[in-house]
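Below you'll find the structure, written out as structure tokens, and then a few comments.
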Amino acid sequence: MNALVNVTNCKNCGYQIEEFNFCPKCGAKKITKRITFRNLVDDFADRYLNLDNSLLKTFVDLFKRPSAVIDGYIHGVRKRYINAFSYFAIAITITGAYSFLVKDKLKIMITQASDSAAQMEIQEKTFDIVSQYNSIISFMFIPLLAILSRIVFWNYKKYNLTEHFVIYLYAYSHIIAVVSIITLPFVFTVDQFWEVTALQFLIYILYVAYVLKELYQLNLKSIILKTLLFLVLGGIGYFLVSVGVVILLMAIGVIDFAEMVNMQAR
């Protein structure tokens, strides 16, 4: 028997829907039959294979017209695309899978570039820490990028700092997920770690520049100058953050400074 008891209230929000097929309050469909395998397949196809579903639409439009996704979200569009934090969560899942698959190979590539056993040991420890806290580190990059971006675009009032944060929740999340997929084969076919890193960095820069060009409607000269300024400030910021992270790791006991000095002296 497929029919369920008469449904009078929405199972999602509790609104009365006895005379409706869809909830007027939250839009959920009223389910009046028991679940079958066909229902399950149809639901999967509708959610994940449908060309109009929000995940695929968000992914495609962040390539084709990123301003529609990002500027739209900033100005109140919520139903058409996946929200910024959900997209970031999906990206972290993809990059987490990437890290799991390439961890051993990358560790070998990094340590092979070491000049001494002591340096190799330090790099192994650093790699293990970065791998362990990968998702936290990825999230920390977003406010840093937002601050840098707001400084670079100080003479533009179109987006405030919080809105720059949203820009990178989408743009950074999108490109780290895409780069993880694109560079996965290269990790297993190249011998030098810097080759993979250089490719990833180049794609990051080009995509973020493209997004900012679209959002701010810049000409080629303007976006090149802004990108160069971003790289200079980003380099300074990266150095300061790296020093800060090392100090923090020493303070909480993850890295032993005396041990590190002894290894360098060997």
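Values in this text are rule-based calculations from the coordinates and carry no lab data. Computed from a prediction, not measured in an experiment: that's the story for all the values here. When we count neighbours, we look across all protein chains shown, and the Cβ atoms used for this are built from the backbone with ideal geometry, even at glycine.
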Net lengthening on full extension, ALA251/ARG65 (0.36 nm per residue, minus Cα-Cα): 62.5 nm
Per-residue ³J(HN,Hα) for segment 230-238, Karplus 6.51 cos²θ - 1.76 cosθ + 1.60, θ = phi - 60°, Hz, x for Gly and Pro: 4, 5, 5, 5, x, x, 5, x, 4
PHE22-LEU144 FRET efficiency (beta carbon distance; Förster radius 51 Å; 0.05 resolution): 0.75
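Order these by the 10 Å Cβ neighbour count, fewest first: ILE90, ILE167.
Result, fewest neighbours first: ILE90, ILE167.
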Candidates per chymotrypsin sites (Phe, Trp or Tyr not before Pro) in segment 186-232, loop by DSSP, up to 16 other Cβ within 10 Å: PHE188
Calculated from backbone phi, Karplus (6.51, -1.76, 1.60) coupling profile of segment 155-169 in Hz, x at Gly/Pro: 8, 10, 9, 5, 10, 8, 5, 4, 5, 5, 4, 5, 3, 7, 4
Ranked HIS75, HIS164, criterion: other C-beta atoms within 10 Å, fewest first: HIS75, HIS164
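Taking neighbour counts of Cβ atoms within 10 Å as a proxy for exposure, in what order, fewest first, do ARG80, ARG150 appear?
Numbers: ARG80 14, ARG150 18.
Ranked by crowding around the Cβ, least crowded first: ARG80, ARG150.
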For ASN9, residues with placed amide H under 5 Å, excluding near neighbours: ILE17
Cα-projected label distance for TYR238 with TYR204, points at 7 Å along beta-carbon direction, nm: 0.6
Phi to ³J(HN,Hα) by Karplus 6.51 cos²θ - 1.76 cosθ + 1.60 over segment 213-226, Hz, x for Gly, Pro: 4, 5, 5, 9, 6, 8, 7, 4, 4, 5, 6, 5, 5, 5
